[in-house]
Every structure is written in C-alpha cells, then in structure tokens.
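J.: One structure is given below, represented as structure tokens, and several questions about it will come after.
The values are calculated or read from the model by the stated rules, or taken from the named source; none is laboratory data. Note that this is a predicted model, so its numbers are computed, not measured. Reconstructed Cβ throughout: ideal geometry from the backbone, glycine too, with neighbour counts over all protein chains shown. All accessible areas refer to the heavy atoms of the entire protein, side chains included, with ligands and DNA or RNA removed. Shrake-Rupley method; radii C 1.70, N 1.55, O 1.52, S 1.80 Å.
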Amino acid sequence: QVQLLESGGGLVQPGGSLRLSCTVSGRTFSNAATAWFRRPPGKEREFVSAIRRSGHTYYADSVKGRFTISRDNAKNTGFLQMNDLKPEDTAVYYCAVDANVILSQLRNPGAYDDWGQGTQVTVSS
C-alpha cells in the first residue's frame with residue numbers, strides 16, 4: 001500500500017519561508033515523478049511544481065523564482081522550499097507521485113495515482 005505523508009506546514013508572515021517534506025512508502029520513489037499541488041480555501045486544487053524521473057523541474061508561473069522542488073531518493077522524501085511567501089500562497093499543500101505521468105499531463109492532478117493528506121500553509125501578518 002502506497003502512503004505519502006506531508007509535513008512542514010504552518011503559519012508564517014508574508015516574506016517568510018517554509019520547507020515542506022513528503023515521505024513516500026510502499027513504492028519505488030526514485031522511478032516516479034513527484035509533484036506538489038495546493039488547494040486554496042474555496043478553490044480547486046492547482047499545480048505548484050513537479051520533478052520528473054529525469055530530474056527536470058517545472059513550476060507554476062505564480063511560484064516561479066520563489067519555490068524550489070527537490071528530492072532525496074535515498075530517504076524516499078521530496079521537498080518543496082518556499083521562499084518569499086505571499087498571502088495568496090495560503091492553501092493546503094499536497095504531494096503526489098506517479099511512475100507513468102507524461103509531460104503533457106504533468107500539471108494535471110488526475111494524472112497522479114498517489115496522494116498525501118495535505119499540510120496547511122497559512123501566510124498572514
């Protein structure tokens with residue numbers, strides 16, 4: 001059974017930073033694409049960032065230059081470093097994993113088989 005566990009969320013002031021972690025168990029982490037999505041209050045889930053098996057990274061325009069995605073294959077853990085946080089970054093953040101996602105579907109949440117339960121990020125003064 002595949003399990004994903006996010007951590008690292010919390011309350012932060014605008015301009016601050018947080019580092020989210022996602023630990024994956026039950027499947028081969030190094031052979032899968034990993035991604036981060038978020039769900040702002042009252043809105044649909046949206047793409048944030050992804051890293052392919054090749055190591056290539058992708059970002060939503062809204063976070064480009066502020067967020068960095070990475071992974072530690074030996075620890076089966078993915079990371080999302082979030083800097084210069086803004087109030088509009090407030091959301092529940094989810095990690096997702098899929099071994100077969102293709103480039104054209106990378107930003108589509110429906111393309112991912114396995115999801116964590118999410119971690120709350122609140123950016124407010």
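J.: Write out, first by first residue and then by second, each pair whose Cβ atoms fall under 8 Å of each other, whose residues are 6+ apart or on separate chains, and whose first residue, in the stretch 39-60, is without any contact (Cβ under 8 Å) to a residue 60 or more places away in the chain while the second is open to solvent by 90 Å² or more (accessible area, probe 1.4 Å) and assigned to a loop (DSSP other than H, G, I, E, B).
T.: Filtered contacts from the stretch 39-60: 50/107; 58/107; 60/107.
J.: Answer with yes or no whether residue 72 is open to solvent by 60 Å² or more (accessible area, probe 1.4 Å), more than 18 Å from residue 46 (Cα to Cα) and either among the hydroxyl-bearing types (Ser, Thr, Tyr) or touching a Gly at 6+ places or on another chain (Cβ under 9 Å) (or both). Walk me through how you get there before you give the answer.
T.: Values: open to solvent by 60 Å² or more (accessible area, probe 1.4 Å): no; more than 18 Å from residue 46 (Cα to Cα): yes; either among the hydroxyl-bearing types (Ser, Thr, Tyr) or touching a Gly at 6+ places or on another chain (Cβ under 9 Å) (or both): yes.
Here the answer is no, as residue 72 does not meet what is asked.
J.: Please find, among 53, 45, 38, the residue that is open to solvent by 20 Å² or more (accessible area, probe 1.4 Å) and under 14 Å from the mean Cα position of the chain (by Cα). First the steps, then the outcome.
T.: Working: 53 fails: under 14 Å from the mean Cα position of the chain (by Cα); 38 fails: open to solvent by 20 Å² or more (accessible area, probe 1.4 Å).
On inspection, the qualifying residue turns out to be 45.
J.: Kindly indicate whether residue 20 is open to solvent by 70 Å² or more (accessible area, probe 1.4 Å) and of a type in the set (A, V, I, L, M).
T.: On the way: open to solvent by 70 Å² or more (accessible area, probe 1.4 Å): no; of a type in the set (A, V, I, L, M): yes.
No, not satisfied.
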